[in-house]
Amino acid sequence: MKKIAILGSTGSIGKQTLDVLNNLNDEFEVYSLSTYSDLEIIIDQIKKFKPRLANAVHKETYQKLEKIAREEGFSTEITYGTDGLLDLVRMDEIDIVVNAVVGAAGLLPGLEALEHKKRLCSANKESLVIGGNLMRNMLKKGGELIPIDSEHSALLQASLSGRYPEIKNLILTASGGPFWGTGVDFSKVSIEETLAHPNWSMGKKISVDSATMMNKGLEVIEARWLFDIQPENIKVLIHPESIVHSIVEFVDNSQIAQLSVPDMKLPIQYALTYPERMEGLCQSLDLSKISELHFHEPDHKRFPCLRLAYEALHKGGSFPVVLNAANEAAVQLFLEKRINLARIPEIVERVLERHTHVSNPSIDTILQIDHNVKREVIELNKLEV
Ligand code: NAD
Ligand code: MG
């Protein structure tokens, strides 16, 4: 029986991971759960899965949860804060860590999991964007990194058709988000319109990233580190139906793609059971019912975030850290209705232009830059309002 720690179990990926595990039952044990501040959801999850441990990073949430656990006699031990989260990752009992935390906060637990030679099933793309090089180095000591992001899961699955040096290009598909092909004015769209993704139901941050296409930019950087491939060999193809999840092109120009209905439960399960496949909850795909699939070149003018991500990746070093932090802070401002959607790429570009390059940043430097850039974005916005 494999014991699993789910970091960010109360979010979109975390909940779907529990659905997958509930269906696989006998082979896996939900050993620990974690949240930032979703009190009600984690209480329900604790009651249902009876994990050994549960962690809350937010102080008041921890205090409330600890009190309820004591009063109601839960067998689950409640731990606090980022330190508690890291303790939970490194426990000897844990075989698999699912990183479903959103944002740069996923970096430390991701690195910790690899350092302790766990299988890290990572949905958290931001950790690879800002610390991909560190994660690759950590992987040399042991441990395993299996992507949950659907495109990267598809690339992993397709890449098994050849050997690593035979890979020529990775072609990431992108739905284009809710505004692809619409011609809408990005400065006028509402939060609700932005969060209404046509094919996927996801957390708020990644939904905004999908609308600006920063999500695909982050995924290009994620692919660079997961597959150790040069930026010029990573392409993006708009595919509005989200059926072809990505494609590997080999040196003989053969392209191998992975197809399925859009359902994150498939890549989540694949990461857990890799290299094996098991029956799961994802429905079968009937291509005759879909009948048409479409593919287009990305539009870098209308979606500048994708261009900014490629530029940050080419410059390397600390630039992807700045790109990610500026984006996280700008997305937060948008969700708080303090800026419109069109401002996100403008802010990210402005902050990138002001940044002084640091090559091979250490973990401390990465976290410092992340912190400083997020503050800079807030200050910049105050000045401009
Ligand atoms: P979400 O917002 O629904 O959930 C985030 C989870 O992280 C929650 O449990 C939250 O409590 C926890 N969390 C937030 N801040 C934290 C912190 N500082 N410390 C510890 N825990 C914290 O997000 P999501 O949509 O599930 O996405 C999670 C990650 O997976 C993101 O990196 C996203 O890009 C990636 N991803 C998501 C999807 C999807 O379909 N939702 C698909 C591919 C990749
Ligand atoms: Mg994806």
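Read-outs: derived from the displayed coordinates by stated rules, not from any lab. No experiment lies behind these values; they were computed from the predicted model shown. As a convention, Cβ positions derive from the backbone with ideal geometry for all residues, glycine included, and neighbour counts pool all protein chains shown.
Summary table
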{"item": "D (Stokes-Einstein, µm²/s), Kirkwood Cα radius, the stretch 1-157, 1.306 mPa s at 10 °C", "result": "103 µm²/s"}
{"item": "For the stretch 276-362, fraction of C-alpha pairs farther apart than 16 Å, in %", "result": "66 percent"}
{"item": "Selected from SER175, MET1, THR212, residue furthest toward positive end of dipole (the chain; charges at beta carbon)", "result": "THR212"}
{"item": "Under 5 Å, built H, 5+ apart or other chain: amide partners of GLU29", "result": "LYS2, LYS3, ILE4"}
{"item": "Cα convex hull of the stretch 1-43 - mean projected area over all directions, nm²", "result": "2.8 nm²"}
{"item": "Under 5 Å, built H, 5+ apart or other chain: amide partners of ILE146", "result": "LEU120, CYS121, SER122"}
{"item": "Across LYS125/LYS315; LYS47/LYS67; LYS216/LYS382; LYS2/LYS117; LYS140/LYS205; LYS265/LYS301, pairs whose alpha-carbon gap is larger than 26 Å", "result": "LYS216/LYS382; LYS140/LYS205; LYS265/LYS301"}
{"item": "Lys/Arg +1, Asp/Glu -1 at C-beta; the chain dipole; positive extreme among ASN360, LEU308, GLN157", "result": "ASN360"}
{"item": "As computed over the stretch 96-222, the Cα convex hull volume per residue (Å³)", "result": "121 Å³"}
{"item": "Using θ = phi - 60° and Karplus 6.51 cos²θ - 1.76 cosθ + 1.60, couplings along the stretch 95-111 (whole Hz; Gly, Pro as x)", "result": "9, 10, 10, 9, 9, 10, 6, 9, x, 4, 4, x, 5, 4, x, x, 5"}
{"item": "Estimated Rh, the chain: Kirkwood, alpha-carbon pairs, angstrom", "result": "21.3 Å"}
{"item": "Cα-based convex hull, the stretch 36-89, per residue volume (Å³, whole number)", "result": "65 Å³"}
{"item": "Sorted peptide list for 165-173, 13-21, criterion being average Cβ within 10 angstrom, highest first", "result": "13-21, 165-173"}
{"item": "Per-residue [θ]222 nm for the chain (sum of -39500 (n - 2.57) over DSSP H runs n ≥ 4, rounded to 500)", "result": "-14500 deg cm²/dmol"}
{"item": "Under Karplus coefficients 6.51, -1.76 and 1.60, residue-wise ³J(HN,Hα) of the stretch 138-144 in Hz, glycine/proline x", "result": "5, 4, 5, 7, x, x, 9"}
{"item": "For the stretch 168-308, convex hull volume per residue from C-alpha positions, Å³", "result": "141 Å³"}
{"item": "Fraction of alpha-carbon pairs over 15 Å apart in the stretch 67-166 - percent", "result": "66 percent"}
{"item": "Fluctuation leader among LYS48, LYS265, LYS118 - the chain, Gaussian network, Cα springs under 10 angstrom", "result": "LYS48"}
{"item": "Note, ³J(HN,Hα) from phi for the stretch 256-271, Karplus 6.51, -1.76, 1.60, rounded to Hz, x at Gly and Pro", "result": "10, 10, 10, 10, 5, 5, x, 7, 5, 5, 5, x, 5, 5, 4, 5"}
{"item": "Percent RCO, i.e. relative contact order, over the stretch 81-166, from Cα pairs under 8 Å lying at least 6 residues apart", "result": "26 percent"}
{"item": "Per-selection Rg to Rh, the stretch 231-289 - Cα, Kirkwood hydrodynamic radius", "result": "1.01"}
{"item": "The stretch 120-190: proportion of alpha-carbon pairs further apart than 16 angstrom, %", "result": "66 percent"}
{"item": "Kirkwood-type radius of the stretch 232-334, with distances r between different C-alpha atoms, in Å", "result": "17.0 Å"}
